[in-house]
Amino acid sequence: CSIGVSMFPDDAADAATLLKNADIAMYRAKDQGKNTYQFFTPQMNIAVKRRAAMESNLRAAVKNGDFALVYQPQIDLNTGEIVALEALVRWVSEDIGTMMPGEFIPLAEETGLIIPLGTWALETACRQLGLWEQREAEGQALAVHVNVSGVQLVQPDFPARVRRAIEAA
């Protein structure tokens, strides 16, 4: 059982706002591991508004393609050679700058936005690998690793998405 508590008159002057604030506190209690209670604080309201704004901005970023991939080399410690590259997504915001995945991936997973974002990352990495392979004159084939969310893995069409991204490259 998770309980949220808001108190009259400190937290609100009307019943509707008291219930809304208690609900916010209850979700905070659930976030803290469930089976607990949480008293409403004004900071919780700020956090809710911040999360709503971030979700709105993330939706717009997915729609506008405001992301970039950076490629981190994976090196064979015995030979010192690059054996693969790991494609890492970054959110590039004009207002905030570049955001690391830890700042937005959990929200993308919660909201389902990880599906279009993950598809974009996979397709972009495959296209880039195709361009590199065209320029490669000789030597070992390059591999690119793309992180995949568990949310993506359970999608029934995930194997087909991967196949399409590879074939399109």
State the number of residues belonging to the range 90-103 that are closer than 19 Å to residue 124 by Cα and not small (Gly, Ala, Ser). 7
Looking only at residues that are farther than 13 Å from residue 84 by Cα and open to solvent by less than 70 Å² (accessible area, probe 1.4 Å) in the range 129-138, which one is modelled with the highest pLDDT? 130
Tally the residues that are over 15 Å from residue 46 (Cα atoms), of a type in the set (Asp, Glu) and open to solvent by less than 80 Å² (accessible area, probe 1.4 Å), restricting the search to the range 1-23. 1
Would you please name the residue that is nearest to residue 108 (Cα to Cα), looking only at residues in the range 52-92 that are among the hydroxyl-bearing types (Ser, Thr, Tyr) and not in a helix (DSSP H, G or I)? 71
Of the residues in the range 83-113, how many are without any contact (Cβ under 8 Å) to a residue 24 or more places away in the chain, surrounded by 12 or more Cβ atoms within 10 Å (Cβ to Cβ) and among the aliphatic types (A, V, I, L, M)? 1
Limited to the range 85-117, what total is found for residues that are among the hydrophobic types (A, V, I, L, M, F, W, C) and on the phi > 0 side of the Ramachandran plot? 0
Pairs, first touching a residue at least 40 places away in the same chain (Cβ under 8 Å) and within 17 Å of residue 71 (Cα to Cα) in the range 142-169, second open to solvent by 60 Å² or more (accessible area, probe 1.4 Å) and in a loop (DSSP other than H, G, I, E, B), C-beta under 9 Å, six or more apart: 142/136
So if I check each of 65, 80, which one is closer than 26 Å to residue 130 by Cα, more than 24 Å from the chain's Cα centre (by Cα) and free of Cβ contacts under 8 Å to residues at least 60 places away in the same chain? 80
Being open to solvent by less than 70 Å² (accessible area, probe 1.4 Å) and modelled with pLDDT under 90 is the filter; apply it to the range 24-38 and report the residue that is farthest from residue 48 (Cα to Cα). 33
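The values are calculated or read from the model by the stated rules, or taken from the named source; none is laboratory data. Fair warning: this is a prediction, and the values are worked out from it, not measured in the lab. Please note: Cβ atoms are built from the backbone with ideal geometry, for glycine as well, and neighbour counts cover all protein chains shown. Heads up: the accessible areas ignore ligands, DNA and RNA and are worked out on the full protein's heavy atoms, side chains in. Shrake-Rupley method; radii C 1.70, N 1.55, O 1.52, S 1.80 Å.
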